[in-house]
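Engineer: Encoded as structure tokens, here's the structure I'll be asking about.
The values are calculated or read from the model by the stated rules, or taken from the named source; none is laboratory data. The model shown is predicted, which means the values in this text are computed figures rather than measured ones. Here Cβ is always computed from backbone atoms with ideal geometry, including for glycine, and neighbour counts include all displayed protein chains. What goes into the accessible areas is simple: the full protein's heavy atoms, side chains included, and nothing from ligands, DNA or RNA. Shrake-Rupley method; radii C 1.70, N 1.55, O 1.52, S 1.80 Å.
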Amino acid sequence: MDHSSGLLAAFGRAVEDETRLRWALESADIAPMLMVLVQLTGDEAILDEVAPFINGPWNFMETVPAGLKAKVRDRLVLALQDYARGERNGPGIPDDRLLHRMMEAGVGQKVSPEYIPLILEEMGVHDRDPRTVDWRHRPSPETLSAFKVVIIGAGLSGIGVAIKLREMGIPFTIYEKNETVGGTWFENTYPGCGVDTPNHFFSFSFEPNHDWTHHFSKRDELWRYLEDCADRYDIRRHVRFDTEVSAARYDEASARWQVTIKGADGVERTVQANAVITAVGQLNRPFTPDIPGLATFAGRAFHTGAWDAGADLKGKRVAMIGTGASGMQAGPSIAADVEKLTIFQRTPHWSVHNPNYHRSVEDGKKWALKNIPFYDKWYRFQLFWASADGLHDSLQIDPSWPTPEKSLNARNQGFRDMLEKHIRDQIGDDPELLAKTIPAYPPYGKRMLRDNNWYKTLKRPNVELVNDRIDRVVPTGIVTKDGREHPADIIVFATGFQAGRVLWPMEIEGRGGESLRDRWGEDDPRAHLGMTAPGFPNFFMIYGPNTNLGHGGSIIFHTECQVRYILQCLREMLENGHASMECRPEPYDAYNERVDAAHRKMVWSHGGVGNWYKNASGRVIANSPWRLVDYWKMTAEMDPTEFAFEPGR
Ligand code: NAP
């Protein structure tokens, strides 16, 4: 913890203008304020007094009386002033006992002590980023400069790993098929596109943004954040934009990858790399179903992931196919503008209401995040906890549960009751619509969505929800199996991505010319810890097989775990002069067996529902079955015994 003059100055700035400080505290959240107060004063009595009114990790779950809130604010002002005057030492990180008490009080729930080191790391309370990988024996400048890493993709993961490679002084080049950085947050421009994870947690742990305008921000702001990160860390000059990687082949003689790239000029070139890191995401290649007659459609037809900016929807009859996360954001965002919105739903999704979903962040709260020491850390902890592992046990199948088709266990049934009630509250007066919108399968069988005014939209007079199967497209619209034609001027495909075809359409050839595609088949990818595979030396995947988060958490958290692990791998090679490292078959097989065994007991394997998490044979290939804390532990220290190394050439 920083006891420096910098921290003293920070306290000084916080109390410089008491009126402004008090104004900020009016809109700051009580739980993080309380945590800061206890951290500064060690006052457990106030913790005891307030804790019973904090009933959960979301800020809308507290019922702290106004008088008590005022008391916390007053005391916090005094404590900050004391620190600013230099009348107190520290503050340090409270000891484990108090920390644990504070954490439980702050989220109004039990927090297992196993989370404490993870949470401290995630909150960034340390002097330096604990996810930075330090050299144990720094290689010579010649060794470092001779080593070349190719990163494929300048989205969130690509930028994240680039920032950390730069810190270590390892040379790298990013190849990016788009004209700029941002990946999914650059490409997806459909109306309403945004994030479903609270933003103050959905950001790099080492690069907090205190200016998010909303609790759940929209695409433009998320993209700008990634643009800013690329600039702040001077990443852009390492990126070759408009350059797509089509293949990577491992040359055993030189222990190098031959990477085939194609630039804007259309000419293919080969570049060499000692290591390749893929950062292309699981949801990058849109899936458009091959519906008979589609080519005959007279209007514009496009995918949410490749939104046609030239299409004017105003006053048009729009047919939207698909009701997943993209559809549930796009539909309500266009409904008011179009003449008619016909939504084709194959399976209803579950969606949860969150009062913060559309709320903006008050200016006072932004000020508190920026200026009150530790407030932002405790706020991030709250959000981490709100969206982390709390649900995990409710997604486990109870073999003795009497209604397995509807829910998995008592807690999962509790969610069903709550979610059903929400739907009934929204559209209970329309039994036909109600029957179409309540899913038959257990909650979380598909990705849990946020109710973006979805049910309200379905009730609009110009919106129709069709759940008859689509038969064909005709020039003037869509015909369903019941023979009815639904006229449309525009078709929007909100039909998801080719998630099972990990790394497609790239051709990756490892040792002996074996192709990853041949190894995995069309849709059966697997990797050790989601990152490495035998036969593919010096080849690392970020957001690879079985690393998607289905139960909660931020994918950025998972990315940061993977980045640290991969950097440890590179360190191992560079420090020891190895030419290559390759995951051994035994840990790879054992890991995948563990993944499959865990998944067999979890919700995504449920036979009663399809989802993009599993492949044609029912194996869950996209999601991690682990709690965040489990994966964090598994990846915190790379185990060299799981790899075979080749000496330097
Ligand atoms: P998705 O969840 O895979 O949804 C695709 C939708 O298209 C489903 O409703 C699916 O129906 C339907 N569909 C697919 N093929 C069809 C066909 N041939 N005929 C009729 N309907 C068809 O895709 P997505 O909405 O793009 O979301 C994918 C993932 O991206 C999400 O799960 C999430 O991880 C991420 N995402 C996140 C956000 C966010 O954070 N807010 C926003 C967008 C995307 P079935 O359900 O019957 O298969």
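Engineer: From (1) more than 23 Å from the chain's Cα centre (by Cα); (2) open to solvent by 50 Å² or more (accessible area, probe 1.4 Å); (3) of a type in the set (D, E, K, R), pick out the condition that doesn't hold for ASP393.
Structural biologist: Going through the list (1) more than 23 Å from the chain's Cα centre (by Cα); (2) open to solvent by 50 Å² or more (accessible area, probe 1.4 Å); (3) of a type in the set (D, E, K, R), ASP393 breaks only (1).
Engineer: On to the next question. Output yes when any residue across region 246-258 is open to solvent by 70 Å² or more (accessible area, probe 1.4 Å), among the polar types (S, T, N, Q) and part of a strand (DSSP E or B), and no when none is.
Structural biologist: No.
Engineer: Here are the criteria: (1) outside any loop (DSSP other than H, G, I, E, B); (2) farther than 21 Å from GLY552 by Cα; (3) free of Cβ contacts under 8 Å to residues at least 24 places away in the same chain; (4) open to solvent by less than 50 Å² (accessible area, probe 1.4 Å). Tell me which single one TRP367 does not satisfy.
Structural biologist: (3) is the only condition that TRP367 fails.
Engineer: Of all residues being among the hydrophobic types (A, V, I, L, M, F, W, C) and closer than 19 Å to HIS606 by Cα in region 420-443, which is most open to solvent (accessible area, probe 1.4 Å)? Just the residue, please.
Structural biologist: Initial filter on region 420-443 (among the hydrophobic types (A, V, I, L, M, F, W, C)): 423, 427, 433-435, 438, 440.
Now restrict to residues that are closer than 19 Å to HIS606 by Cα: 438, 440.
Numbers: ILE438: 37, ALA440: 76 Å².
Among them, the one singled out is ALA440.
Engineer: Consider ALA319 carefully, then state whether it is among the small types (Gly, Ala, Ser) and over 30 Å from GLY445 (Cβ atoms). Talk me through it step by step, then tell me what you get.
Structural biologist: Numbers: among the small types (Gly, Ala, Ser): yes; over 30 Å from GLY445 (Cβ atoms): no.
No, not satisfied.
Engineer: Another question about this same structure. So, restricting to strands (runs of 3 or more DSSP E) that lie completely within region 289-355, which ones have at least 2 residues that are among the aliphatic types (A, V, I, L, M), open to solvent by less than 10 Å² (accessible area, probe 1.4 Å) and within 13 Å of the ligand (Cβ to nearest atom)? Give the steps one after another, and end with the answer.
Structural biologist: Numbers: elements: 300-303, 317-321, 340-344.
The qualifying strands (runs of 3 or more DSSP E) are 317-321.
Engineer: Could you run through region 513-527 and say how many residues are in contact (Cβ under 8 Å) with a residue 40 or more places away in the chain and open to solvent by 10 Å² or more (accessible area, probe 1.4 Å)?
Structural biologist: First pass over region 513-527, keeping only residues in contact (Cβ under 8 Å) with a residue 40 or more places away in the chain: 513, 522-527.
Still in the list and also open to solvent by 10 Å² or more (accessible area, probe 1.4 Å): 513, 522-524, 526.
Summing the residues that are in contact (Cβ under 8 Å) with a residue 40 or more places away in the chain and open to solvent by 10 Å² or more (accessible area, probe 1.4 Å) in region 513-527 gives 5.
Engineer: Which residue is farthest from ASN452 (Cα to Cα), if the candidates are limited to region 162-217 and must be within 13 Å of the ligand (Cβ to nearest atom) and among the hydroxyl-bearing types (Ser, Thr, Tyr)?
Structural biologist: Checking each candidate, the answer is THR184.
Engineer: Taking the criterion of being part of a strand (DSSP E or B), among the hydroxyl-bearing types (Ser, Thr, Tyr) and over 30 Å from ASP312 (Cα atoms), would at least one residue in region 522-534 satisfy it?
Structural biologist: Applying the first criterion (part of a strand (DSSP E or B)) to region 522-534 yields 528, 532.
With among the hydroxyl-bearing types (Ser, Thr, Tyr) added as a condition, the list becomes 532.
If we keep only those that are over 30 Å from ASP312 (Cα atoms) too, we end up with 532.
Yes.
Engineer: Pull out all pairs, ordered by first then second residue, where Cβ-Cβ is under 7 Å, the residues are six or more apart or on different chains, the first lies in region 468-479 and is closer than 18 Å to LYS316 by Cα, and the second is among the hydroxyl-bearing types (Ser, Thr, Tyr) and open to solvent by 70 Å² or more (accessible area, probe 1.4 Å).
Structural biologist: Short answer, once both residue conditions are applied: VAL473/THR296; VAL474/THR296; PRO475/THR296.
Engineer: While we're here: Could you please tell me which pairs satisfy a Cβ distance under 9 Å, a separation of 6+ or placement on different chains, a first residue in region 417-430 that is touching a residue at least 40 places away in the same chain (Cβ under 8 Å) and not assigned by TED's automatic domain parsing to the domain that holds MET448, and a second residue that is of a type in the set (A, V, I, L, M, F, W, C) and in a helix (DSSP H, G or I)?
Structural biologist: Every condition considered, no pair remains.
Engineer: I've got another one for you. How many residues does region 410-465 hold that are of a type in the set (Ser, Thr, Tyr) and closer than 21 Å to TRP612 by Cβ? Reasoning before the result, please.
Structural biologist: Applying the first criterion (of a type in the set (Ser, Thr, Tyr)) to region 410-465 yields 437, 441, 444, 455, 457.
This time we only want the ones that are closer than 21 Å to TRP612 by Cβ, so: 437, 441, 444.
Total meeting the criteria: 3.
Engineer: Condition (residue is away from the ligand (no atom under 16 Å from the Cβ), of a type in the set (Val, Ile, Thr) and in contact (Cβ under 8 Å) with a residue 12 or more places away in the chain) applied to region 603-612: is it met by at least one residue?
Structural biologist: For region 603-612, residues away from the ligand (no atom under 16 Å from the Cβ), of a type in the set (Val, Ile, Thr) and in contact (Cβ under 8 Å) with a residue 12 or more places away in the chain: absent.
Engineer: Kindly indicate which of ASP265, ASP220, ASP242 is away from the ligand (no atom under 16 Å from the Cβ) and at pLDDT 95 or above. Please lay out each step first, then the result.
Structural biologist: Values: ASP265 fails: at pLDDT 95 or above; ASP220 fails: away from the ligand (no atom under 16 Å from the Cβ).
Result of the check over ASP265, ASP220, ASP242: ASP242.
For (1) assigned to a strand (DSSP E or B); (2) touching a Ser or Thr at 6+ places or on another chain (Cβ under 9 Å); (3) of a type outside the set (A, V, I, L, M, F, W, C); (4) open to solvent by 40 Å² or more (accessible area, probe 1.4 Å), each residue gets a yes or a no:
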{"site": "VAL609", "(1), (2), (3), (4)": "no, yes, no, no"}
{"site": "TRP612", "(1), (2), (3), (4)": "no, no, no, yes"}
{"site": "GLY618", "(1), (2), (3), (4)": "no, yes, yes, no"}
{"site": "TRP626", "(1), (2), (3), (4)": "no, no, no, no"}
{"site": "VAL629", "(1), (2), (3), (4)": "no, yes, no, no"}
{"site": "MET634", "(1), (2), (3), (4)": "no, no, no, yes"}
{"site": "MET638", "(1), (2), (3), (4)": "no, no, no, no"}
{"site": "THR641", "(1), (2), (3), (4)": "no, no, yes, yes"}
{"site": "GLU646", "(1), (2), (3), (4)": "yes, yes, yes, yes"}
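Engineer: Considering ILE566, ILE542, which residue is crowded, with 24+ Cβ neighbours inside 10 Å, under 26 Å from PHE381 (Cα atoms), touching a residue at least 40 places away in the same chain (Cβ under 8 Å) and more than 15 Å from the chain's Cα centre (by Cα)?
Structural biologist: On the way: ILE542 fails: more than 15 Å from the chain's Cα centre (by Cα).
It is ILE566.
Engineer: Pairs please, first residue from region 493-504 and of a type in the set (Val, Ile, Thr), second anywhere and more than 11 Å from the ligand (Cβ to nearest atom), Cβ atoms under 7 Å, 6+ apart in sequence or on different chains.
Structural biologist: VAL502/PRO525; VAL502/GLY544; VAL502/PRO545
Engineer: Restricting to region 291-318, name every residue that is without any contact (Cβ under 8 Å) to a residue 12 or more places away in the chain and either outside the structural domain of ASP489 (by TED's automatic domain parsing) or over 33 Å from the mean Cα position of the chain (by Cα) (or both). Give the derivation first.
Structural biologist: First, pick out the residues of region 291-318 that are without any contact (Cβ under 8 Å) to a residue 12 or more places away in the chain: 295, 308, 310, 312.
The one that is without any contact (Cβ under 8 Å) to a residue 12 or more places away in the chain and either outside the structural domain of ASP489 (by TED's automatic domain parsing) or over 33 Å from the mean Cα position of the chain (by Cα) (or both): ALA295.
Engineer: Take the residues in region 433-450 that are assigned to a helix (DSSP H, G or I) and touching a helix residue (DSSP H, G or I) at 6+ places or on another chain (Cβ under 6 Å), then tell me which one is nearest to the ligand (Cβ to nearest atom). Lay out the reasoning, then the answer.
Structural biologist: We begin by selecting, within region 433-450, every residue assigned to a helix (DSSP H, G or I); these are 433-437.
After this cut, where a residue has to be touching a helix residue (DSSP H, G or I) at 6+ places or on another chain (Cβ under 6 Å) as well, the list is 433-434, 437.
Details: LEU433: 17, LEU434: 19, THR437: 13 Å.
For region 433-450, the residue satisfying everything is THR437.
Engineer: Now for a separate question. Of all the residues that make up region 480-538, how many are polar (S, T, N, Q) and within 16 Å of the ligand (Cβ to nearest atom)? Quick ask: steps written out before the conclusion?
Structural biologist: The first filter runs over region 480-538 and keeps only residues polar (S, T, N, Q), leaving 480, 495, 498, 515, 532, 538.
Adding the requirement that they be within 16 Å of the ligand (Cβ to nearest atom) leaves 480, 495, 498.
Count: 3.
Engineer: May I ask you to say which residue of GLY86, GLY108 is at positive phi, touching a Gly at 6+ places or on another chain (Cβ under 7 Å) and open to solvent by 10 Å² or more (accessible area, probe 1.4 Å)? Break it down into steps so the answer makes sense when it comes.
Structural biologist: On the way: GLY86 fails: touching a Gly at 6+ places or on another chain (Cβ under 7 Å).
Within the list GLY86, GLY108, the selection yields GLY108.
Engineer: Considering only residues that are more than 16 Å from the ligand (Cβ to nearest atom) and aromatic (Phe, Trp, Tyr), which ones fall in region 356-384?
Structural biologist: Hits for region 356-384 are TRP367, PHE374, TYR375, TRP378, TYR379, PHE381, PHE384.
Engineer: Would you point out the residue of region 152-174, among those that are without any contact (Cβ under 8 Å) to a residue 40 or more places away in the chain and part of a loop (DSSP other than H, G, I, E, B), that is farthest from VAL133 (Cα to Cα)? Outline the logic, then answer.
Structural biologist: Initially, region 152-174 is screened for residues without any contact (Cβ under 8 Å) to a residue 40 or more places away in the chain, giving 167, 169, 171.
Checking which are part of a loop (DSSP other than H, G, I, E, B) leaves us with 169, 171.
Numbers: GLY169: 11, PRO171: 15 Å.
Once the filter is applied, the top-ranked residue is PRO171.
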